[in-house]
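Notes follow once the structure below has been shown.
Every number in this text was worked out from the coordinates using simple rules, so none of it is lab data. What you see is a predicted model, and the numbers here were worked out from it, not measured in a lab. Counting neighbours? That spans all protein chains shown, and the Cβs are built from the backbone with ideal geometry, glycine included.
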Amino acid sequence: MHTPTTQARPSLYYSYEVFKPWLASQHPKQPRHKVVIVGAGPAGMVAALELARHGVASVVLSSELQFSQGSRAICFTRRSMEILQQVGVADRMTEGGLPWRFGNSYYKGQRVFRMEAPHDADDRFFPIINVQQQFMEEYLHDACKANPLIDFRWGNKVNAVDQKDGYAVLEVDTPNGLYTLESDWVIAADGGRSAIRTGMNLDMEGASYEGFFVIADIKIDLPLPTERLAYFDPDWNPGNTILMHREPHGIWRVDYQLPDGETPEEALKPESLKARIDAHLAMIGHADATWEMDWSSVYSARTLTLPDFVHGSVIFTGDAAHLLPIFGVRGANTAFQDAQSLGWHLAFVVKGLASQKLLTNHSAERVGAAREIIHEAGKSTRFMTPPAGGFQLLRDAVLSLSLTQAFVRPLYHWRTSRPHEYTHSMLNSTGDDNALFKAGPGHGAPPQNVRLGASDFLLDHVGGGFDLLYFTHAPAMPETLQQTIAAARARGIPLKVIAVGSAQAVVGADMTLADVNGHLRERYGVPANGGAYLLRPDQHICARWLTLDATRLQAALNTALPQ
């Protein structure tokens with residue numbers, strides 16, 4: 001019998017609620033569900049909310065009775081905020097978060113590199129915002145709880161998944177015993193130690209790096225900016241690296257590498273934590289500052305991925321699908337992109353709008369993204385925690401030269417997480433004008449936001465289905481194009497048409513965005529005489545045209561929804 005803890009987790013800044021378990025004895029016999037999501041972390045809840053946006057119900061199972069312990073993921077990128085805007089929690093993240101855009105690297109008491117993340121008037125969100133994971137989970141849970149298509153079950157632990165012909169049977173343990181649950185699809189979002197992945201004997205590809213890091217969240221008042229602070233090879237921790245981030249509610253994260261040979265158990269002893277943190281505060285000039293420990297943990301840097309995320313009726317996502325080092329804020333941010341992609345791909349299969357080839361595409365795209373991240377993260381990891389030998393020698397040479405030579409300083413760049421571009425996706429149109437564009441987002445790229453007013457942006461108006469951005473000054477769309485759009489909608493394809501350019505309503509469009517100064521058109525590289533973009537339900541570009549007719553639009557939709 002599963003007995004999750006009923007004692008609220010300790011925290012200096014967050015009041016944990018212990019939820020009541022969902023018990024099968026209090027509910028009627030379960031029908032077969034369309035989707036069951038195992039795991040209620042960021043990936044699982046965003047997947048549930050994305051499925052619900054597309055009209056697909058799901059059951060979410062959490063083995064625990066409360067949100068995760070400690071701050072865990074704290075840095076969320078602009079693209080993550082755009083995804084969270086789609087599922088309705090971005091405003092709450094913004095209200096309680098600390099936005100920032102600069103990162104600093106220090107060596108021998110000297111700042112040797114300062115990274116500036118791009119940010120302009122067309123961006124609704126800052127490049128990165130810091131929010132502790134418990135708050136983000138609370139916001140996502142509130143959104144799930146308010147959605148009638150999401151059945152959220154606390155205290156339900158999955159013991160086994162037995163795949164049948166076209167569906168799966170889950171054995172679920174609860175505080176009053178076992179029950180079985182059938183589902184057409186199972187999303188394994190059960191984290192880095194995925195029991196489902198282990199139970200299916202699936203191996204991940206990649207590497208694990210030497211060394212361990214401590215994460216220590218401390219409550220302290222420091223007169224330092226909300227920026228990333230990295231300290232290399234300090235006297236108190238020679239050869240190693242220390243990171244610092246300001247968190248909301250008076251919390252600072254101190255993240256430091258352990259000397260060779262020290263075990264995680266030794267590192268987490270109170271006396272060890274105090275000695276290291278005191279030494280670091282003294283080094284940065286705050287030896288007299290008083291602090292209190294809130295939470296600590298140990299992690300190692302790993303760059304691993306499953307080579308395929310889809311296994312029969314089971315689809316892996318987030319940390320269950322891949323393990324990425326935290327350098328460059330990649331963990332939760334990648335999980336959001338996984339979940340957003342999976343949500344629409346799976347929903348369209350469940351609703352019969354595309355064949356299971358669409359899930360093959362999801363796996364190919366997200367495995368490609370994981371491998372791109374692993375390549376980039378590997379570079380960062382080898383600089384932050386260089387293996388002994390040549391890598392150590394090279395890193396030490398860069399540190400030394402950076403004190404006087406500007407040309408080596410960009411090597412400190414930490415390669416921040418960025419959205420993957422699905423350049424080679426099978427969903428990209430083969431007969432459009434992508435190659436003829438001189439600017440704007442190309443095949444597979446995420447969208448570019450554009451400010452339309454004081455608090456009005458392009459991405460406020462897209463999402464939930466396919467979006468056709470139709471640039472025109474004509475009073476109406478061609479009749480044949482309107483007929484093709486109507487036919488697609490009659491098949492159940494969600495397709496929204498946004499006319500861009502005209503100051504008056506355009507016949508055939510669902511809405512019209514005036515583009516008086518041509519700024520939106522310029523951002524998308526569309527010439528003055530018009531053009532069009534087709535955005536997938538995750539807003540990535542799948543087609544763009546200098547001239548669009550009914551035949552070309554139909555071809556693009558057929559490609560994006562393989563039968």
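Figures for the structure shown
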quantity	calculated
Residues (touching a residue at least 12 places away in the same chain (Cβ under 8 Å), aliphatic (A, V, I, L, M) and assigned to a loop (DSSP other than H, G, I, E, B)) located in segment 477-522	M477, I493, A503, V506, A509, V516
Segment 167-191, residues that are part of a strand (DSSP E or B) and in contact with a helix residue (DSSP H, G or I) (Cβ under 6 Å, 6 or more places away or on another chain)	Y179, I187, A188
Qualifying residue in segment 152-166 (condition: surrounded by 14 or more Cβ atoms within 10 Å (Cβ to Cβ), outside any strand (DSSP E or B) and on the phi > 0 side of the Ramachandran plot)	yes
Which listed residue, of V298, V254, is in contact with a strand residue (DSSP E or B) (Cβ under 9 Å, 6 or more places away or on another chain) and buried (at least 19 other Cβ atoms within 10 Å of the Cβ)	V254
Residues within segment 68-97 that are in contact with a strand residue (DSSP E or B) (Cβ under 9 Å, 6 or more places away or on another chain), in a loop (DSSP other than H, G, I, E, B) and not hydrophobic (A, V, I, L, M, F, W, C), tallied	5
Test: residue in segment 195-204 that is within 21 Å of the chain's Cα centre (by Cα) and in a loop (DSSP other than H, G, I, E, B)	yes
In segment 24-67, the residues that are among the small types (G, A, S) and part of a loop (DSSP other than H, G, I, E, B)	G39, A40, G41, G55, A57, S62, S63
Given (1) of a type outside the set (V, I, T); (2) outside any loop (DSSP other than H, G, I, E, B); (3) surrounded by 22 or more Cβ atoms within 10 Å (Cβ to Cβ), index of the condition Y106 fails	(3)
Cβ pairs under 7 Å, 6+ apart, first in segment 142-155 and within 13 Å of V38 (Cα to Cα), second of a type in the set (K, R) and in a loop (DSSP other than H, G, I, E, B)	W154/K20
Selection within segment 480-496 - among the aliphatic types (A, V, I, L, M) and either touching a Ser or Thr at 6+ places or on another chain (Cβ under 8 Å) or crowded, with 16+ Cβ neighbours inside 10 Å (or both)	L481, I485, A488, I493, L495
Selection from segment 263-309 of residues that are of a type in the set (D, E) and part of a loop (DSSP other than H, G, I, E, B)	D288, D308
